[in-house]
Amino acid sequence: EPEVTQTPSHQVTQMGQEVILRCVPISNHLYFYWYRQILGQKVEFLVSFYNNEISEKSEIFDDQFSVERPDGSNFTLKIRSTKLEDSAMYFCASGTGDPALRYFGPGTRLTVL
Amino acid sequence: DAKTTQPTSMDCAEGRAANLPCNHSTISGNEYVYWYRQIHSQGPQYIIHGLKNNETNEMASLIITEDRKSSTLILPHATLRDTAVYYCIVRVSGGNSGYALNFGKGTSLLVTP
């Protein structure tokens, strides 16, 4: 069964550094998403991406964040200058025609020191 | 999206049916009920969704009351691997209402041997 994959599984970085989290969505999916989950808290929506542009973003997704689909298969989340509070699990998801129906990857645990 | 109310936690003995309730008294006519779950440290997993008819798939059954103000997710023979947080989400099926899928606190289900 096809699945969403994410790399790396764990990323450790220093505060102020840039990180890129990578995702390979399911191949025939058209909608792509990033979510994050701070330890012990709810899963929070960050951004949705459709037709090569951001379709919706949350208040969390400020100017330090960006997304890209560079080559038709990968979907990336860049955090430009990481802060301690960016430490979280980041989940990528993809879906087809029903934007409420989506499939999540296993997550990347980001630790900012 | 309509607000949902779920119990904070529930227990279930292995092999028994787990019945997880969800109240959504302000649901509107075009809103669907979606269920996701999150096993510890993994990405959320889609389970099932429905509009007004009862639905069943290989994972679970969804029973929606006739007035659509509440629903129950049924795991017919719970296993230890079903221990997870279960999220009931109500929203329109389609992109016109936006792309964010918002997870609440859900119900933490513990399946015991």
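The values are calculated or read from the model by the stated rules, or taken from the named source; none is laboratory data. In this text, all values refer to a predicted model and were calculated from it rather than measured experimentally. Here Cβ is always computed from backbone atoms with ideal geometry, including for glycine, and neighbour counts include all displayed protein chains. Protein only, heavy atoms only, side chains kept; ligands, DNA and RNA dropped before computing areas. Shrake-Rupley method; radii C 1.70, N 1.55, O 1.52, S 1.80 Å.
So the values come out like this:
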item: Accessible surface buried upon B-A contact (total; probe 1.4 Å; Å², nearest 100); result: 1700 Å²
item: Dipole magnitude of the protein assembly as shown about its Cα centre (Cβ charges: Lys, Arg +1; Asp, Glu -1), debye to nearest 20; result: 280 debye
item: Residues in the range A:85-102 that, when all protein chains are in place, have 10 Å² or more less accessible area than the chain alone would give (probe 1.4 Å); result: A:MET89, A:PHE91, A:ASP98, A:PRO99, A:ALA100, A:LEU101, A:ARG102
item: √(5λ) per eigenvalue of the Cα gyration tensor, chain A, largest first, Å; result: 22, 14, 13
item: Dipole magnitude of chain B, debye to nearest 20 (Cβ charges: Lys/Arg +1, Asp/Glu -1, about Cα centre); result: 200 debye
item: Equivalent ellipsoid semi-axes, the range A:39-86, via Cα gyration tensor eigenvalues times 5, rooted, Å; result: 21, 13, 11
item: A:THR96/A:THR76 FRET efficiency (R0 30 Å; Cβ-Cβ; nearest 0.05); result: 0.90
item: Signed unit charges on C-beta, dipole axis of the protein assembly as shown, positive-most listed residue A:GLN41, A:GLY16, A:PHE91; result: A:GLN41
item: For the protein assembly as shown: accessible area per residue (Å², 1.4 Å); result: 50 Å²
item: Furthest towards positive pole of dipole, B:ILE63, B:VAL92, B:VAL33, structure part the range B:2-97, Cβ charges; result: B:VAL92
item: Largest-first ordering by accessible area, 1.4 Å probe, given options A:ILE38, B:ILE64; result: A:ILE38, B:ILE64
item: Residues along the range A:1-50 losing 40 Å² or more of accessible surface when the other protein chains are present rather than the chain by itself (probe 1.4 Å); result: A:LYS42, A:VAL43
item: Only Lys, Arg (+1) and Asp, Glu (-1) charged, at Cβ; the range A:4-86 dipole about Cα centre in debye; result: 220 debye
item: P(r) histogram, all alpha-carbon pairs of chain B included - 10 Å bins from 0, percent; result: 15, 49, 30, 6, 0
item: Those residues of the range B:42-57 for which accessible area with every protein chain present is at least 30 Å² below the isolated value (1.4 Å probe); result: B:GLY43, B:PRO44, B:TYR46
item: Rh by Kirkwood over Cα pairs, then Stokes-Einstein D for the protein assembly as shown at 0.692 mPa s and 37 °C, µm²/s; result: 180 µm²/s
item: Apportionment of accessible area to carbon and sulfur, the range A:44-113, percent (1.4 Å); result: 45 percent
